[in-house]
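Read the structure below first, then the notes.
Every read-out reported here was derived from the displayed coordinates using simple, explicitly stated rules and does not represent laboratory data. Since the model is a prediction, treat every value here as computed from it, not as a measurement. All Cβ positions, even for glycine, are placed from backbone atoms using ideal geometry, and neighbour counts span all protein chains on display.
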Amino acid sequence: MVSLIRDIVLAIAVTAGLIALMSAVSSPPAAAQDAPSTDRAATFRSLRQACGDDVRALCPGIAPGGGRIKKCLQEKSDQVSDTCKRAVAARP
């Protein structure tokens, strides 16, 4: 049970971190801001899949919120996987 709770908390932390990472990379163009939420959800799922391992490996124990995961990944940008970097660069 504790393991399940820990996994859920970790998933929430990864999700929050990726949202922060997406926001940090660049502001979306005005057209992307009007995109349906399903497009944003698909982009987010793609980023979570590409960057989740990086967040877990490089930022263990970092609580989501306040830009902490974003800061962690920025500080360790030289260690972020190419897969994650490509996913962030390719996002609309």
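What to note about this one:
- Between Q79 and R40, the distance separating the two model label sites (each 7 Å from Cα on the Cα→Cβ line) works out to 3.1 nm.
- Karplus-derived 3J(HN,Hα) values for the range 83-89, using 6.51 cos²θ - 1.76 cosθ + 1.60 with θ = phi - 60°, are 4, 5, 4, 5, 5, 5, 5 Hz; glycine and proline are entered as x.
- J(HN,Hα) series, the range 59-65, from Karplus relation 6.51 cos²θ - 1.76 cosθ + 1.60, nearest Hz, glycine and proline x: 10, x, x, 7, 6, x, x
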